[in-house]
Amino acid sequence: MKKLYVLVGTVLLAKVVYSQQTILKVLDSRSNDPVPFANVCFESLDTQKLNYSITDKDGFVSYNLVEESVISVSFVGYNTHLDTIKPGITKEIYLEPAILGLDEVVVTAQFKPKLADQSIYKIQVINQDMIRAKGVSNLGEALSNELTMRINHDAALGSSISLQGLTGEHVKILLDGVPVIGRLNGNIDLNQLNLENADHIEIVEGPMSVIYGSNALAGAINVITKEHTRSGISAQGNSYWESVGIYNFNASTGITKGVHYFFISGTRNFFGGYSEIDSGRTSRWKPRLQYDLDANYTWKRNRFNLKLNSKLFDETIQSKGPVQPLPPSYAKAFDAYFYTTRWISGASFEFNPNETNLISGISSFTLYKRIKNTFTKDLTTLDEVLNPDQELHDTTIFKAYLIRATWSNDDPSSAFGFQSGMDINIETSYGKRILYTNQSIGDYAVYFNLHYRPFSQLLFQPGIRYGYNSHFNYPLVASVNMKWDVIPVINWRLSYAHGFRAPSLKELFLYFVDINHNIQGNPNLRAEYSNNIQSNWIYSRRDTKSSLVIEAGMFYNQVRNSISLAIDSNGVYSYVNIDEFNTLGGTIRFQYQLHPRLTARLGFSETGRWSDLHGNEKGILAYNWSPETTAGFDCRWIKQGLSVSLLYKYTGKLPQFYLNDDNVLEEGYIDSYHTLNVSTTKDFFKKRLTLTIGGKNLFNYTSIYATVVSTGAHTSGGNSIPVGWGRTFFVKLTYKFNKMK
């Protein structure tokens, strides 16, 4: 036993002697000021164990290294610094300030993860800090201040998006690369996509049909969720209150054990409803209660990553009816409840056999279920009884299956690279509102993209997609992209893409007829085809203390066989093809950063829309134009952990067509409006506790004038549409706990 004690003591002593204190000082490369509370990760070269630390208020961090390690130093507003360090040395680390949006790592439609500035696509990124500064909790709010994006609000169905003048059914919404299903009136309700568990949002404008197939004529929006990558245990809790009657709570935790990473997050969101004018029991904005549960497991070993994930969403919307003088109490009401469940479960992997190749795959199953139940409520006893009228109840179920695999070869030193892949999407639907109660549609495709670099500053990427659709002739979809770094401070992107969208199951087979609705699908619909041209110039200059980015772009979309909901002389709504619908527009953005204190942004865009409904001749003068203006201001004090953010957007008058009393198509408009949001964020206890307070919609808009609103297939008409619930104020509190190994 004595010999054993001596042996153990000798080993421990050797380890202490070998383990040496390493001291790092993290500085701003422009000002030489220390960067307090920066995150520092140590990864050993041999065992690949991860250990984390944080710099103190003077930018120092010390750690007892046992062996040579790779260090990663990161902090908001700076590019991540990677280096190799040996035990026992003292070293200064200089962090390079980041230009917002250009230095973010993106994955959507890429050969492999890369900086947004290096991507051949123009990609906008909304990161965690931008989400936090906006004080938003769902995707609709996060996108509401972006150029060329218009968020449309329905007080019952939620919010939807139009991008580059094309409506929501042309925008591919993705969660970690998995398409989101469950469109109502052609749109995904953006209020259902919670951002408490989001790492960042990637937005690609323009047709992505070569990569993502149908529903990507206008572009793709990919919400990338968080993963637990730290050593040890981490936990976070959020609470959010907004004066309109919103109470949100979120908690998450992550655990690492060797090569195993676990993460789970739960969210509860509550909104009590809102009306501009007190109308008794009914409210224009319907009360809703949401629950989100996300869980993922990641296994990382050398060059192979495997991830299993599951996302469960549950929502209840209550639509209270007016008081009815029915016996025996003469105080009854018909209350409708809408129950929505969305479950996404899947697996993905990445394998890097070497530095230039990446093999990846993803498979998923999505279930979307929406139930409507109507109850008769006795307001004297508060008893509820399910209404016997079956026309007041409905259940619709959609299921989607996805299998995608890609092989990418991307060597910056080589003239050629490629990406090849296969994509299988199968969607089925069931419900009494669906023709013959059960329908399915399948989409099977292979695609190929080629990288060609005639010299290091110029990159071409032609691509093709060939597929089979179970209901429609699938065309050969093609695209060609170019990125040219004209000079070190200017790059130019130019692209042409051909798009394809097969009609959805609802557009083909929906049969919804009751006392308030008469909507019938059209099995004879033709698929939509599009052509898109985009050009984008970016000038970016950096000096010791500041950076300036100027971006100018234009786009043109031509959509043939555009699908629209129309009404006939008998009052029946049905989906029809319009021969041609075009959008044309341009944007210009300015961003100035005075590091590290100030960031200012200003943007303008103009979007024109044209269709052949009136037999209009083509030409710029024939387009109906709508302007937008955005402005943003961020001021930050790093040592004090304090930041202030201001966001403004002007949404211009939007031309629209409507049917007058004589059933003749006329041109009208939706009025313009302004939004202004302000927030202040303060960090406490070494960034463990974060408090954000602010105000939204400070100009107090609730609804705006519209010539005639015929949202009629789903809601009643009128001369106003909702855009918000007026001026509100919010408070958000976040607490983070980390126990590192």
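Residue 699: aromatic (Phe, Trp, Tyr) and at pLDDT below 90, yes or no? Against the criterion (aromatic (Phe, Trp, Tyr) and at pLDDT below 90), residue 699 does not qualify. Whether any residue in region 109-132 is hydroxyl-bearing (Ser, Thr, Tyr) and in contact with a helix residue (DSSP H, G or I) (Cβ under 6 Å, 6 or more places away or on another chain) is what I want to check. Within region 109-132, none of the residues are hydroxyl-bearing (Ser, Thr, Tyr) and in contact with a helix residue (DSSP H, G or I) (Cβ under 6 Å, 6 or more places away or on another chain).
Of all residue pairs spaced 6 or more apart or on separate chains, those with beta-carbon atoms under 6 Å, a first member in region 529-546 that is under 30 Å from residue 214 (Cβ atoms) and a second member that is among the small types (Gly, Ala, Ser) and at pLDDT 90 or above are 532/497; 534/495; 536/553. Looking across region 233-254, just one residue is buried (at least 16 other Cβ atoms within 10 Å of the Cβ) and part of a loop (DSSP other than H, G, I, E, B), and that is 244. The residue that is farthest from residue 322 (Cα to Cα), among those in region 359-413 that are outside any strand (DSSP E or B) and aliphatic (A, V, I, L, M), is 392.
Is there a residue in region 116-126 that is out of contact with any Asp or Glu (no Cβ under 9 Å at 6 or more places or on another chain) and either closer than 15 Å to residue 223 by Cα or polar (S, T, N, Q) (or both)? For region 116-126, residues out of contact with any Asp or Glu (no Cβ under 9 Å at 6 or more places or on another chain) and either closer than 15 Å to residue 223 by Cα or polar (S, T, N, Q) (or both): present.
Taking the criterion of being more than 30 Å from residue 703 (Cα to Cα) and not in a loop (DSSP other than H, G, I, E, B), the residues of region 255-277 that qualify are 255, 256, 257, 260, 261, 262, 263, 264, 265, 266. Checked against the criterion of being at pLDDT below 80, within 23 Å of residue 540 (Cα to Cα), surrounded by fewer than 20 Cβ atoms within 10 Å (Cβ to Cβ) and more than 21 Å from the chain's Cα centre (by Cα), the candidates 74, 53, 44 yield just one match: 74. On the stretch given as region 133-159, residues that are at pLDDT below 85 and either basic (Lys, Arg) or more than 18 Å from residue 288 (Cβ to Cβ) (or both) total 3. Determine whether region 195-216 contains at least one residue that is hydroxyl-bearing (Ser, Thr, Tyr) and under 16 Å from the mean Cα position of the chain (by Cα). Checked against the condition, which is being hydroxyl-bearing (Ser, Thr, Tyr) and under 16 Å from the mean Cα position of the chain (by Cα), region 195-216 yields at least one hit. Listed by position, the strands (runs of 3 or more DSSP E) contained in region 515-587 that have at least 3 residues being at pLDDT below 85 and not small (Gly, Ala, Ser) are 518-520, 546-567.
Selection within region 103-118: residues that are in a loop (DSSP other than H, G, I, E, B) and among the aliphatic types (A, V, I, L, M). The member of this set that is nearest to residue 464 (Cα to Cα) is 109.
Tell me, please, whether a residue that is out of contact with any Gly (no Cβ under 6 Å at 6 or more places or on another chain), at pLDDT below 90, hydrophobic (A, V, I, L, M, F, W, C) and crowded, with 23+ Cβ neighbours inside 10 Å can be found in region 212-227. Yes, the conditions are met somewhere in region 212-227. Residue count for region 253-278 satisfying the condition of being more than 27 Å from the chain's Cα centre (by Cα) and free of Cβ contacts under 8 Å to residues at least 40 places away in the same chain: 6.
For region 667-694, a tally of residues being touching a Phe, Trp or Tyr at 6+ places or on another chain (Cβ under 6 Å) and among the aliphatic types (A, V, I, L, M) returns 2. The set of residues in region 316-339 being in a strand (DSSP E or B) and under 11 Å from residue 374 (Cβ atoms) consists of 319, 333, 334, 335, 336, 337, 338.
Residues checked against (1) at pLDDT 75 or above; (2) in the same structural domain as residue 688 (by TED's automatic domain parsing); (3) surrounded by fewer than 11 Cβ atoms within 10 Å (Cβ to Cβ); (4) of a type outside the set (D, E, K, R):
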| residue | (1), (2), (3), (4) |
| --- | --- |
| 7 | no, no, yes, yes |
| 10 | no, no, yes, yes |
| 63 | yes, no, no, yes |
| 68 | yes, no, no, no |
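Say we look at region 17-35 and pick out the residues that are farther than 30 Å from residue 595 by Cβ and touching a strand residue (DSSP E or B) at 6+ places or on another chain (Cβ under 9 Å); which of these is modelled with the lowest pLDDT? This residue is 19. In region 408-444, the residue that is surrounded by the most Cβ atoms within 10 Å (Cβ to Cβ) out of those that are touching a helix residue (DSSP H, G or I) at 6+ places or on another chain (Cβ under 9 Å) and among the hydrophobic types (A, V, I, L, M, F, W, C) is 434. Among the residues of region 588-597, those identified as part of a strand (DSSP E or B) and modelled with pLDDT under 90 are 593, 594.
Does residue 311 satisfy the condition of being within 21 Å of residue 197 (Cα to Cα) and either exposed (fewer than 14 other Cβ atoms within 10 Å of the Cβ) or not hydrophobic (A, V, I, L, M, F, W, C) (or both)? So residue 311 passes the test. Does residue 242 count as among the acidic types (Asp, Glu), over 21 Å from residue 116 (Cα atoms) and either out of contact with any helix residue (DSSP H, G or I) (no Cβ under 7 Å at 6 or more places or on another chain) or without any contact (Cβ under 8 Å) to a residue 12 or more places away in the chain (or both)? So residue 242 passes the test.
Across region 283-304, the qualifying residues are those that are buried (at least 16 other Cβ atoms within 10 Å of the Cβ) and at pLDDT below 85, and the one among them that is farthest from residue 726 (Cα to Cα) is 283.
The values are calculated or read from the model by the stated rules, or taken from the named source; none is laboratory data. Please read all numbers here as calculations on a predicted model, not as lab measurements. Note that each Cβ is placed from the backbone with ideal geometry, even for glycine, and that neighbours are counted across all protein chains shown.
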